[in-house]
Amino acid sequence: MKRLSSIVAASLAALAVAAPAAHGAQADSDITLKFKSSNLTFKGEVLSERGSCEKRRRVILFEKRPGKDRRSARTRTDHMGKYEIQTVTTAGSKYYAVAKGTRRCAEAKSKTVTS
């Protein structure tokens, strides 16, 4: 009986230590990116299991280049996690978007699209 009490006490202590760490951990995020050539618009959405990681999230659009990629534009998502960027592009260039990480939300990078 004493052994069972020790096991239960150890389990509860482990839970007490793990719970705050899990609560404060970064939530995974994902970001989509599409390009519409008719109006030169990039649009997409930030998705996360934590709703606060979708709203008002900083999104940066990058153009892939040899060496360091060039930052083309930036914006924030709306209250639904959606964003839209109109910018001048070079036909055939490749672009990707990054949802910047925060203390509670992990950074996310989209797939590359061609303009």
**Complete:** Just one listed residue, out of Leu40, Leu33, Leu4, is in contact with a Lys or Arg (Cβ under 9 Å, 6 or more places away or on another chain) and either at pLDDT 95 or above or of a type outside the set (Gly, Ala, Ser) (or both), and it is Leu33
**Message:** Condition first: open to solvent by 30 Å² or more (accessible area, probe 1.4 Å) and assigned to a strand (DSSP E or B). Now tell me which residues in segment 34-71 satisfy that.
**Reply:** Lys34, Phe35, Lys36, Lys43, Glu45, Leu47, Arg58, Phe62, Arg70, Arg71
**Message:** Out of everything in segment 32-79 that is out of contact with any Asp or Glu (no Cβ under 7 Å at 6 or more places or on another chain) and aliphatic (A, V, I, L, M), what residue ends up being farthest from Arg103 (Cα to Cα)?
**Reply:** Leu40
**Request:** Could you list all residues from segment 75-90 that are open to solvent by 60 Å² or more (accessible area, probe 1.4 Å) and either of a type in the set (Val, Ile, Thr) or closer than 17 Å to Ser115 by Cβ (or both)?
**Result:** Glu84, Gln86, Val88, Thr90
**Item:** Answer residue from segment 91-115, given it is in a loop (DSSP other than H, G, I, E, B) and of a type in the set (A, V, I, L, M, F, W, C) and is surrounded by the fewest Cβ atoms within 10 Å (Cβ to Cβ) among those
**Value:** Ala91
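The values are calculated or read from the model by the stated rules, or taken from the named source; none is laboratory data. Just so you know, these numbers come straight off a predicted model, no measurement behind them. Glycine also receives a Cβ, built like all others from the backbone with ideal geometry; neighbour counts cover every protein chain displayed. The protein model used for the area step is the full one, side chains on, heavy atoms only, and it has no ligands, DNA or RNA in it. Shrake-Rupley method; radii C 1.70, N 1.55, O 1.52, S 1.80 Å.
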